1. Label points 7 Å out from Cα along the Cβ direction at ILE61 and GLU14: separation in nm?
2. Hand me the GluC sites (Glu not before Pro) from region 1-97 located in a DSSP loop with no more than 11 other Cβ atoms within 10 Å, in residue order please.
3. Sum -39500 (n - 2.57) across every DSSP H segment of at least 4 residues in the chain, then divide by the residue count to get the 222 nm mean residue ellipticity, nearest 500.
4. At 15 Å minimum axial length over the Cα atoms and a Kyte-Doolittle cut of 1.6, report the qualifying DSSP H helices in the chain, or say none.
5. Along each of its three principal axes, how wide is the spread of alpha-carbon positions in region 16-107, in whole angstrom units, largest first?
6. For a quick check: with amide H placed at 1.01 Å from N, whose amide H comes under 5 Å from THR2's, ignoring anything fewer than 5 positions away on the same chain?
Amino acid sequence: MTLANIVRLPPEYELDPYTLIHELAHVWHYQNRGTAYISDLVWHQVSATLTTGSRNAAYEIAPEDLAAASLHDLPAEKQAVIIERWFTHPNLRHHPNYSRFLAEVRVTKLLPASI
Ligand SMILES: [Zn+2]
């Protein structure tokens with residue numbers, strides 16, 4: 001679980017690269033949007049659970065997600081999955097939609113440290 005700039009892991013947890021990058025994407029959310037991303041995460045996980053019976057739908061990337069004009073048009077959880085996949089699947093680094101989304105991550109200006 002990630003809250004603000006801190007990734008919390010259970011004791012003895014073996015952190016895999018997928019989870020690390022995913023949780024660091026949430027740190028990026030916090031550094032760019034403050035705590036607003038938390039309500040986005042909760043909303044989409046609850047919505048997915050109510051509509052599909054599982055919160056996993058909040059993590060699924062559909063073709064229409066990849067066609068979004070901007071990464072910022074997607075829910076925070078899907079943004080984290082896209083960032084996670086880009087870093088952990090080198091073949092996606094040449095995919096046009098993943099590439100343009102990650103270009104948006106790279107140019108994002110961070111909020112001042114006091115926020
Ligand atoms: Zn997440």
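1. Roughly 2.5 nm, to one decimal.
2. Values: sites: GLU12, GLU14, GLU23, GLU60, GLU64, GLU77, GLU84; in loops: GLU12, GLU14, GLU60.
Counting only loop positions with at most 11 other Cβ atoms within 10 Å, the GluC sites (Glu not before Pro) in region 1-97 are GLU12, GLU14.
3. Value at 222 nm, helices only, nearest 500: -17000 deg cm²/dmol.
4. none
5. Ordered largest first, region 16-107 gives principal extents of 35, 30, 28 Å.
6. Here ARG8 satisfy the definition.
The numbers here are math on the coordinates, done by the rules we state, and not lab data. Fair warning: this is a prediction, and the values are worked out from it, not measured in the lab. All Cβ positions, glycine included, derive from the backbone under ideal geometry; neighbour counts span all protein chains shown.
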